[in-house]
Each structure stands twice: as structure tokens, then as C-alpha cells.
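Only one structure is covered here, and it is reproduced in the block below.
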């Protein structure tokens, strides 16, 4: 086949994947072009590339999903190839065709393959013809609720309602009873339409407590198709992957041969080219069932790179240029174990609510066996417009236990300060007994969240500051960060202040004597503390004779402090809003985002927990609910507009408080 030469690569994506592609492109000699929305004008990926082009306002449909604007950016900069990354247009067959029509090399599979495999119903038919086992279900053209209800009854409950064009766990609802089906169909359609522009649905029998396994495959234009072994992505929450690893800790060599054989057979049947992933679920007896094929690079591709020793983006660029695969199957071997954790701007102790704001400090360090792929750094803005994942931490080791230790330690040493993240949640997972025993299935975390149970290191137990951490925060405030009060007690200077953290407020006293160690009183406990180095973000201190390190960052009068693997935000409490917050009469937006639906109107009676509105932020729907029974007194926002975090949405007359508290 004729080589497809190109020299400048436009990356039609953002965030950590755009930065990751730039890194390989630079090493392999390609110039790069970034595209950015107004929300990303100063983003890390925008500054990482050789050139950057604005493609529109923040909403994805007006920027990162706008094919015409992206092609115009390529034309303007002279780019002759486009890498779609993952998400956005990565699995859009129309985009691949448009690139080809514009004379651009598309770094991915042919449009015909994207179209066939991106449609779950069509992909399932190809898989069945290739001999892959598939889950029983319905994927017909008749999308009427009546037909779907009839088919669901025939399949039996529990079952899954799935978006035909879906991916990434979106557009999926589990249904355990026929009475829940109508709501599940409506919700899945709505989410599928918003995420993929296609609201078609399919039904599948629900395999309970499965493992999620996937095989990395690669094909070229010379008839070669290889696999690069499997990844285990079973550690999920609501079908969103959290931790991925390679190889799977539960497969025997015989299982691995069978699973990878299925994946290669499907890739050959589809006429596949470039990188792809064939996904399966496995029941308790390790019977495999085809799930879907992702016609792109996966978020979790670094674990494969670590255990196989290749650069998959480099392979993508080579294949896109018409070259044969760099290695035959016989020369691709597993080496050790690798684990990846997705660092997300979300609060796992508040329903995984998406977080937005400024990154006060983030400076992860890579070392032997540890890698960070990140799209943010100190000073970056995390907006509500895009996915909540801001970075990935990856570690490898001689075995699984070493990889897990390395990864947990790397996360402890890389706090992201300024907004809540799932870092401590990830660390607890990696250090927990269930993960160590490889017992986590795709439903384990959801079960724990429902029951409040977990193992000895349950990730759902929220960390709270220990007395020593309160003492360190008090010392940092006393040394120039706070508005507390100094006074002379005769033999020492004392500094007193109230600090709030994690829903607690404590009165603290910091004493500096004429000589000897300083002391902080926390809940009646005296903690001797000395600041050896106070140059944020680096803090070195000695507490009760033990020298330790911490990381700190100030945002105004708020102190973000990471010590002993946990991060906390300390602030002097604002008593002016305490009365208003206590009455529960005003309901504010919990996150910034698009107000998709307003489900309540003035005068309407509502029950405690009733959904009043839906906000879409970071590709997720967040419900706004009534805190108590009452009646809606006022509605302050309408559907279709953006709302800021904390914006007043509703006033409600509850049984205990009037609506107007001002």
C-alpha cells in the first residue's frame, strides 16, 4: 500500500490525552497543533503544542464536536493529519470521512469500521458471526416503548437498557423490575441523546457481579492483526472505570488465550486498522461475553504500554502512515504488572459530585515505574464543561502487589490542592483487602455505597484531620496566613482562632513561649510543633519530636493542606451564613453546569428527596432534591441555561422554616 506521509498533526481533543499525544509526536518528529475552546484558552494542552487554534465557545457542540471548525483549524495551520484522542469525535464515522475528504490522514480505523462497530447492535451481529459469545438481548429497529417492554419481558429481569451508540458507561440503566422500565428507558434515551446525539436503545440480560475485561488489538494495512494482551477494568462505580490493570489477576493462560483469540477474530472479521479495544464481561465462572468494541485508543492504554514495553500512540502514527505493525504477535510479551488510577475532580464523600475551580497546587513527580498523564497543573482552571478526569497515575512492578504499593505511594506524594478530588478514595481502594485479593467486580463499589459496608480500608470512610493536622494548620495560620488574634499572656505569645474543616469547627490556641517548643491546644490535647520550613507548597515541620513533610497552598484565606496521604481545606468559619444554611429554605445549585430540566414550579408540594432539577456537569447528571417536605415558594432559574455553583435555584416553604429568611 502507498505510504501516507504527513508531518504536522492536529489533535482534535483536550486535556491529558492531548498532552499525552503531543509528547509522543514531539519525540517522533511531528509538529503538533492544539485546538481549544474559550474555556481552555490557557489550558495545559493549548500551551503544550507547537501551535493552537481557537475553535469556539465552551459547549462541546460548538467547539470540540464541531467538525467544520476542526477541519478549518487544520487548513489554517497546514496540518495534514488528525488524531482524535478519545471521547468527543474519536468514534464519529462522519468525522473520519470528513478528514479523508479533506485530504487529511485520520489516525484511527476506517470510517466504515467505526460506523459498524460504533453501533452496538451491528457490532453484536458481527461478533456473533465471528464466533464470539454474546449476551442474550434485543437490538432491533423497533424502538417503541411497547416493543421494548415486550422484549424486556421475554429477556427477563434484571436487565440492562443501553444506548446503541453509547460508550464510556453512559446511556446505561440497570432495571430490576418491570415497574422500573419506563423511567429507565426515558433516562437512558435522554442521556444517550445528550452524549451521542443518538437515542436508540438496546436491551441485554444483566450478568450480575461480572468482571470487565478488555483486549488491546492493533491492525495494519498489510493484513496483520495482533493483540497486546488484556486489561482488567472491574473496579468501577456506576459503570465508570476507576482503576484498571494489566494483565488481569484472575485469568489463567488458557483463559487468556481464549479471550485474546476472540478479540483477534473480531478485529479480522471487521477489517480493523489501527488501535482498538474489544470489551467483554465475565461471570463468576469466567465465561466470557462480548460487550462492545471501542474504535479508538482507551483511557487506560498506559497500563498496556507498561507491561508490553511499547508506545501505542507511536504505533498509531506508524500505522496511519501506512507502515506495518512494529512487532509480530510472537514478539509481544507480558512483563510484570501495571495499574492505573483515574484522578477526578469529584467529591467521593458527597455522592461523587463534580468539582470546579482553580488548581492551587499540582506537581506530580514521575520516577522509575511511576507515570502521570495530566491535563492540569498549578493554576489550571477545572471547568464544568468537560469530563471530571484531570489526570491518570500509573505504576508498574514485578508483580501486582508491588504495582499497587507504588501507585498508592505515588498518589500520596501528588496531592491536587484547591478542589476536592477522589485521591484519598483511590488510595484507600488500592490499600484495601478486597483489591489486594482481586475480589472487586463491576458492582462491588456500588454495593458498598448502598450498604455502607466495605473491607478493612473502605474507601467510603471519609478522612478527617487528626489532632496533629489541626495543630499544623493552626501553626501555619499563626505564622502569617490567618486573621486570628495574638495576645501576650505574660510568659508567651498566644494566637487563638476558630478553624473549620470537613464540617467541624474547632477553637485552637497556638502558644509561642520565650524559649522551647511551640504548642497548639486541640480538643484539650497539647501538641508541640515547630515549623522547620514554611515555603508553600513545601512545608517541613516537627510534631512531638518527629519531623515530617507536608504540602500547602493558600487560596485567599483558605489553607489547603496535604499531610500523611490526606488533603484537607481549612478556613475560618463564616458565621454570617450559618442561620441561612440551617433553615433549609433556599436550595442552591450543587455544581456549576447546564440546567437541563426544572421539574418544580411555584406552589407545588414536594416530598423530601424529590428531584426538583437536573444539572449536567462534566458529562454527568446531578439531581437537585428537596431537603424536606414543603411547598415551592419561588423558582429562580429556567432550563437550558448555565448556572454557577451556589446559585439560588429554589425557595421552599418547609414545615420548620419560612421561605423568606432575609
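Values in this text are rule-based calculations from the coordinates and carry no lab data. Model, not experiment: these values are computed from the prediction. Backbone-built Cβ (ideal geometry, glycine too); neighbour counts: all protein chains shown.
Viscosity 0.890 mPa s, temperature 25 °C: Stokes-Einstein D of the range 179-272 from its Kirkwood Cα radius, in µm² per second?
Details: Rh = 16.0 Å.
Reported coefficient: 153 µm²/s.
Starting from the Kirkwood Rh over alpha-carbon pairs, what translational D in µm² s⁻¹ does the range 163-202 have by Stokes-Einstein at 25 °C and 0.890 mPa s? Let's see the in-between values first.
Details: Rh = 9.9 Å.
Calculated translational D: 248 µm²/s.
Please give the peptides 111-117, 367-373, 291-297 ranked by average Cβ packing (other Cβ atoms within 10 Å per residue), highest first, as a rough proxy for protection. Show your work: numbers first, answer last.
Working: 111-117: 20.4, 367-373: 17.0, 291-297: 25.6.
Ranked from most to least packed, the peptides come out as 291-297, 111-117, 367-373.
Enter the angle in degrees (range 0 to 90, nearest 10) between the Cα long axis of helix 120-129 and the first principal axis of the Cα atoms of the chain, meaning the one along which they spread out most.
50 degrees
Relative to the longest principal Cα axis of the chain, at what angle does helix 181-196 sit, 0 to 90 degrees, rounded to 10?
Roughly 80 degrees between the two axes.
First check a/c for the range 337-458, with a ≥ b ≥ c the square roots of the eigenvalues of its C-alpha gyration tensor; if it is under 1.5, answer rounded, and if not, answer prolate when a/b is larger than b/c or oblate otherwise.
On the way: a/c = 2.28, a/b = 1.18, b/c = 1.93.
Because a/c hits 1.5 or more and a/b fails to exceed b/c, the range 337-458 counts as oblate.
Can you compute the modelled spin-label distance between residue 644 and residue 67, with each label point 7 Å from Cα toward Cβ, in nm?
3.8 nm
Plugging the Kirkwood radius over Cα pairs into Stokes-Einstein for the range 302-402, at a temperature of 37 °C and a viscosity of 0.692 mPa s, what D comes out in µm²/s? Could you put the intermediate results ahead of the total?
Working: Rh = 16.1 Å.
My calculation gives 204 µm²/s for D.
Using packing as a proxy for protection, rank 385-395, 411-421 so that the peptide with the highest average count of other Cβ atoms within 10 Å comes first.
Values: 385-395: 24.7, 411-421: 23.1.
With the highest mean Cβ count within 10 Å placed first, the list reads 385-395, 411-421.
Against the longest alpha carbon principal axis of the chain, how many degrees, from 0 to 90 and to the nearest 10, is the axis of helix 15-27 turned?
So the helix axis and the longest Cα principal axis differ by about 60 degrees.
Considering every pair of different Cα atoms, what Kirkwood radius, in Å, is found for the range 467-570? Let's see the in-between values first.
On the way: mean 1/r = 0.0733 Å⁻¹.
Value: 13.6 Å, from the Cα pair sum.
Rg/Rh for the range 8-107: what does it come to with C-alpha atoms and Rh from Kirkwood? Intermediate values should be presented prior to the final figure.
On the way: Rg = 11.8 Å, Rh = 12.9 Å.
Result for the range 8-107 is an Rg/Rh of 0.92.
Going by average Cβ density within 10 Å per residue, which order do the peptides 336-345, 531-540 take, highest to lowest?
Details: 336-345: 25.2, 531-540: 14.3.
The most tightly packed comes first, giving 336-345, 531-540.
Normalise the Debye intensity by I(0) for the range 577-654, one equal point scatterer per Cα, no solvent, then take log10 at q = 0.24, 0.27 Å⁻¹ and round to two decimals.
-1.11, -1.33
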